[in-house]
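The structure appears right after this line, and notes come after that.
The values are calculated or read from the model by the stated rules, or taken from the named source; none is laboratory data. If you're wondering where the values come from, they're calculated on a predicted model, not measured in any experiment. When we count neighbours, we look across all protein chains shown, and the Cβ atoms used for this are built from the backbone with ideal geometry, even at glycine. Note: areas computed on protein heavy atoms with side chains; ligands, DNA, RNA excluded. Shrake-Rupley method; radii C 1.70, N 1.55, O 1.52, S 1.80 Å.
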Amino acid sequence: MVRRNSNAPTHPVIGTIDIGTTSARAILFNDKGEELAKHQIEYSTSASEAPDESSNTDQFRRRSSLMRHNQPIFTAEGVAISINDDIEIENNKASVGPTLRFPQPGWVECMPVHILANAVQCLIACLITLRKINSNPNLKTKYRVKCIGIANMRETTIVWSRKTGKPLSNGIVWTDTRTSEIVQHLEKLIDDDKKKELREKTGLPLSTYFSAAKLRWLLDNDDIIREEYEKGDGNLMFGTIDTWLIYHMTKEKSFLTDISNASRTYFMDIETGEYDDELLEFWGVDPSKIRLPKIVSSSEFYGSFASPNFQNLGFHNKITNEAYEILKTITGVPICGCLGDQSASLVGQLAFKSGSAKCTYGTGAFLLYNTGTKKLISSHGALTTIGYWFKHLQGEDNKPHFALEGSIAVAGSIIQWLRDNLKLIENAKDIGPLASQVPNSGGVVFIPAFSGLYAPYWNGGARGTVFGMTQYTSSSHIARAALEGVCFQVRAILRAMAGDAGASEDFLETALSSQNESKPLSSLAVDGGMSKADEVLQIQADILGPCVTVKRAPISECTALGAAIAAGLGFEDEEDRVWSSLDDVITKLGSSVGDDNLFKAKLPDEDRRKFWKRWEKAIDRAKDWLEDE
Ligand code: ADP
């Protein structure tokens, strides 16, 4: 670990990399959780565009760039600090091709080297901003990157060669469904008892979603990978995005995965936090023929930062000398925090208490309910996952923390559909105003089950359905019903999770009728693109009722902030940490949520109950639409 100028006082900065499904970003945070610099690359998601192999030019210049703002963000020592908040749009023709590829219907692949390059490029852009900030002569104390944390999309599977460091195929992204036959085949092989046993061991249902099925597919279908596997000479390496990035961004070539990512592979026993022989055997994976990364905590020293060698990885876009120079300013900085993206936003929302919950409304919505050090296996359709593990903290805080997770496949994407397919709105931000032109949905119920119903219903045969339309129904009613459709599912998940946590009935109603009833949840922390709309959150609050307050995070980048927190706590010696404990994190980052971010139910109880009943009736009718086909 390198410590430069240890005597000169500096402001600590935490560098974060957040690899989403359709974008990559880096953010530099200070110890108050404020953003000093941010840079994002949004990927092209069009399936048809072929990579232009002939172009071998500087992607830094040729990618289109959109400046969002450059306004003073906060002050340090009385000096106004502004950040360059850039978004680049990946341009297929200008670079070595898109990061995401869609070779067949249902297939979603990513280019691992591009992901690495995107992460590094975002970091470089942030470091350039930091250099500008530090060059202000009025700033007495300079900012210095003290540690680096990573948050990443989970489950996405990469296999690479130890000898060359190069991927042996494209990565298979979590949304890819090519493994459905493998999963169906395995399902038929096992009885209900075995299914239950697997569920208790992994916390997960058998599904195309998790990494194990994707690795099995590669071993069965990719000739190069199969050959290497059969040779069994230790060249083959398996990892998720976290492992891939850390391997290539550390001087030590550290080969590890944090426990929250490992809990999504289907290879790990969620209780022991170790790979399980029986699970490996179930998937036919022999760990003596393919190396599996060591499972470690979310917050400890993984390795020291070193710039990857892109030439060796066959990535021929020019990276300027200036870029390599600026990377030297963080060479040796410890990478010491890592979390899967949904776990990261749980942490970024400061939802550390058992019984606290957060919901991220992005393209889909993910609700995580912190169950503390207690592993709960849901009997209501939620997954069990690792929330976080802060190994160096004291007492209970240093144990792995579990969470129940409920996912909704279609959330923000329903707004995109209303915009792009029905042309009801021009921009996503217009949805709130359109929906609030009417006080309710006028009896319309919209079930946005475009890819079946996920938690807690798990009905693959359901499809998008609209009930209750009349001549009177307007576009505002449809828009409102679509938003309600997402929010009703959140209510259903919360109710189911509270049931798993011991509440006997619908706590949202019981707590209403009894003052003494202990409430499993009093507030729901929310973030993600769709939560920007006040109208959405008011609808959510109205649907949940007066027992639960909806609280929007004052910091919008909760996922990256979670990675920053993990890294800032990742030092063994308390003196070295950015924050000494979780209490310290809460004190410094827990800025009070202003009234404009708090949403409480305004709808009369009677109406809420009536609408919920109507929703449940609609759900019953929408299920199994595809049953006989
Ligand atoms: P992801 O991380 O899954 O890419 P984001 O958190 O960036 O998702 O959220 C993107 C979603 O948020 C989009 O589907 C979009 O419809 C929705 N969205 C973005 N801005 C708004 C807004 N102002 N009001 C409502 N929805 C929005």
For this session: Work out the charge dipole of the chain with +1 on the Cβ of Lys and Arg and -1 on the Cβ of Asp and Glu about the Cα centre, then indicate which of W458, A411, L36 is farthest towards its positive end.
Result: L36
Exercise. Measuring from label point to label point, each 7 Å out along Cα→Cβ, what is the A428 to K588 span in nm?
Worked result: 3.1
Problem set entry | Gain upon complete extension [E572, T164; 0.36 nm per residue less C-alpha separation] | 143.6 nm
Problem set entry | Proximal aspartates and glutamates relative to K163, as straight alpha-carbon distance under 12 Å, when same-chain residues fewer than 8 apart are discounted | E228, D233
Exercise. Cα to Cα, under 17 Å, and not fewer than 8 places away if on the same chain: which lysines meet these conditions relative to K201?
Worked result: K374, K375
Exercise. To the nearest 20 debye, what charge dipole does the chain have about its Cα centre, counting +1 at the Cβ of each Lys and Arg and -1 at the Cβ of each Asp and Glu?
Worked result: 1400
Problem set entry | Solvent-accessible ranking of K214, K196, K532, largest area first, probe 1.4 Å | K532, K196, K214
For this session: Report the calculated FRET efficiency for T177 and D222 (r = Cβ-Cβ distance, R0 = 22 Å), to the nearest 0.05.
Result: 0.80
Seminar exercise, completed: Those trypsin sites (Lys or Arg not before Pro) from segment 265-297 that are DSSP loop and have at most 13 other Cβ neighbours within 10 Å turn out to be none
Seminar exercise, completed: What helix-only [θ] at 222 nm does the chain give? Using -39500 (n - 2.57) per DSSP H run of at least 4, over all residues, to the nearest 500, the answer is -9500 deg cm²/dmol
Exercise. Taking amide H positions as placed 1.01 Å from N in the peptide plane, with prolines and chain starts having none, which residues 5 or more places from C147, or on another chain, fall under 5 Å of its amide H?
Worked result: V13, G15
Exercise. Considering only protein heavy atoms, what per residue accessible area in square angstrom results for segment 215-288 with a 1.4 angstrom probe?
Worked result: 36
Problem set entry | Area of D573 that stays accessible when all protein chains are in place (1.4 Å probe, Å², to 10) | 80
For this session: Only helices at least 27 Å long along their axis, Cα-based, and averaging 1.0 or more on Kyte-Doolittle count here, so list those DSSP H runs from the chain.
Result: 112-134
Seminar exercise, completed: Label model pair Q416, K188: point-to-point distance (7 angstrom along the Cα→beta-carbon line) in nm is 3.4
For this session: Give the Rg/Rh ratio for segment 290-350, taking Rg as the radius of gyration of the Cα atoms and Rh as the Kirkwood radius, to two decimals.
Result: 1.07
Exercise. For the pair N312 and R131, how long in nm is the line joining their label points, each one 7 Å along Cα→Cβ?
Worked result: 2.4
Exercise. Whole-Å semi-axes of segment 10-342's equivalent ellipsoid, largest first, each the root of 5 times a Cα gyration tensor eigenvalue?
Worked result: 36, 22, 18
Problem set entry | Contact order relative to length of the chain, as percent, for alpha carbon pairs under 8 angstrom and 6 or more apart | 13
Problem set entry | Reduced Cα scattering model of segment 138-197, Debye log10 I(q)/I(0), q = 0.25, 0.29, 0.31 Å⁻¹ | -1.07, -1.14, -1.17
Seminar exercise, completed: Rounded to the nearest whole number, the Stokes-Einstein translational diffusion coefficient of the chain at 20 °C and 1.002 mPa s (Kirkwood radius, C-alpha pairs) in µm²/s is 85
For this session: Would you mind telling me the antiparallel percentage of the DSSP bridges in segment 10-342, rounded to 5?
Result: 60
Problem set entry | Antiparallel DSSP beta bridges within the chain, as percent of all bridges there, nearest 5 | 65
Exercise. What trypsin sites (Lys or Arg not before Pro) does segment 406-450 have in DSSP loop regions with at most 10 other beta carbons within 10 Å?
Worked result: K423
Seminar exercise, completed: Carbon plus sulfur, as percent of the 1.4 Å-probe accessible area of segment 227-294, comes to 44
Seminar exercise, completed: With a 24 Å threshold on alpha-carbon distance, the violating pairs from K214/K294; K166/K289; K38/K588; K146/K358; K166/K214; K38/K328 are K146/K358
